[in-house]
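Below: one structure, written as structure tokens.
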Amino acid sequence: MAYIPGHWIHRSVNVGTEQLILVFCFNADAGQNYRIIEENRGMSQLVVSDGLGGWELKENLNYLPQN
């Protein structure tokens with residue numbers, strides 16, 4: 001379980017081999033604005049395979065930070 005404060009952009013990534021099942025509970029006015037992610041062309045870091053059965057973060061070269 002994780003607590004994500006309102007107005008914080010976040011993501012969940014399954015880095016394991018088993019199915020990840022999530023249940024989200026949040027207020028309707030939690031402030032999520034996913035258009036920000038779309039306009040920025042994703043998040044600044046991508047979670048990718050390291051080729052050895054693990055994962056690593058890589059810079060998203062398409063990312064456009066907000067001014």
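Read-outs: derived from the displayed coordinates by stated rules, not from any lab. Quantities reported herein were computed from a predicted structural model and do not represent experimental measurements. All Cβ positions, glycine included, derive from the backbone under ideal geometry; neighbour counts span all protein chains shown.
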Practice problem: Figure the gain on full extension for Ala28 and Ile9 (residue separation times 0.36 nm, minus the Cα-Cα span) and round it to one decimal in nm. | Solution: 5.3 nm
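With a Förster radius of 25 Å, plug the Cβ-Cβ distance of Ser44 and Met1 into 1/(1 + (r/R0)^6) and report the FRET value to the nearest 0.05. Intermediate values should be presented prior to the final figure.
Values: r = 25 Å, r/R0 = 1.02.
Result of the calculation: an efficiency of 0.50.
So for each of 16-25, 38-47, 52-61 I average, over its residues, the number of other beta carbons within 10 Å; can you give me the resulting order with the highest mean first? Don't skip to the answer; put the middle values down first.
Values: 16-25: 6.6, 38-47: 12.8, 52-61: 10.3.
Those peptides, ordered most packed to least, come out 38-47, 52-61, 16-25.
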Quiz item: So what does the Cα-only Debye profile of the chain read at q = 0.15, 0.17, 0.25 Å⁻¹, as log10 I(q)/I(0), no solvent term?
Solution: -0.66, -0.82, -1.19
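Run the numbers on the chain and let me know its relative contact order in percent, using alpha-carbon pairs under 8 Å that are six or more apart. Mind showing how you got there, number by number?
Numbers: 54 pairs, mean separation 18.0, N = 67.
The normalised contact order for the chain reaches 27 percent.
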